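Data block below; observations after.
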């Protein structure tokens, strides 16, 4: 695939992730819903760190701010932080086993969740810290699917 083709596939995958993210979930099931936009962004940075990096993550974060009607810059900060962390770790992630990558992703999602809760606490907004481990757990369950799909679509250049 050419570089432009990767961008088109990345945009399509982000639109699908945004659709899954805003899909309504009833009652207590909201705790079980992973952050699909963050997972897809992480997958693209893992698989194509030379094309997708912190700027890409921050752009998706601004899109998430508008999508979720949050304070402008809130998700951008979280996604940029996550993108920078993955950008650093992407060099070593190729040497990790599949299970180790799942654990790494769930730890990053856990860290991002706690940083996000800290930002909410700074604004005196109540943040449910009990939801953070559940989101990390279900992100770890969805990660293999997202990782395999992004890995196939970001195959070696021809």
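The values are calculated or read from the model by the stated rules, or taken from the named source; none is laboratory data. Since this is a predicted model, take the numbers as computed values, not measurements. Counting neighbours? That spans all protein chains shown, and the Cβs are built from the backbone with ideal geometry, glycine included.
Quick notes on this one:
- Pair list, Cβ under 7 Å, 6 or more apart: the stretch 15-43 residue surrounded by 13 or more Cβ atoms within 10 Å (Cβ to Cβ), other residue modelled with pLDDT under 75 and not in a helix (DSSP H, G or I): 33/25
- Exclusive hit being touching a helix residue (DSSP H, G or I) at 6+ places or on another chain (Cβ under 9 Å), under 19 Å from residue 85 (Cα atoms), part of a helix (DSSP H, G or I) and modelled with pLDDT of 85 or more, set 107, 149: 107
- In the stretch 89-102, the condition of being at negative phi, without any contact (Cβ under 8 Å) to a residue 24 or more places away in the chain, in contact with a helix residue (DSSP H, G or I) (Cβ under 7 Å, 6 or more places away or on another chain) and in a loop (DSSP other than H, G, I, E, B) is met by at least one residue.
- Residue pairs whose Cβ atoms lie under 9 Å apart, sitting 6 or more positions apart in sequence or on different chains, and linking a residue in the stretch 46-65 that is without any contact (Cβ under 8 Å) to a residue 24 or more places away in the chain to a partner that is surrounded by fewer than 17 Cβ atoms within 10 Å (Cβ to Cβ) and not in a helix (DSSP H, G or I), are 61/73; 62/72; 62/73; 65/71; 65/72; 65/73.
- When residue 129 is tested against (1) exposed (fewer than 14 other Cβ atoms within 10 Å of the Cβ); (2) in contact with a helix residue (DSSP H, G or I) (Cβ under 6 Å, 6 or more places away or on another chain); (3) modelled with pLDDT of 80 or more, just one condition goes unmet, and that condition is (3).
- Here the condition is being more than 15 Å from residue 42 (Cα to Cα) and at pLDDT 85 or above; of 81, 95, 66, it holds for 66 alone.
- Total residues in the stretch 16-48 satisfying the condition of being assigned to a loop (DSSP other than H, G, I, E, B) and within 21 Å of residue 140 (Cβ to Cβ): the figure is 5.
- Selection of the stretch 47-61 for residues being farther than 16 Å from residue 19 by Cα and either surrounded by fewer than 24 Cβ atoms within 10 Å (Cβ to Cβ) or at pLDDT 90 or above (or both) yields 47, 48, 49, 50, 51, 53, 54, 55, 56, 57, 58, 59.
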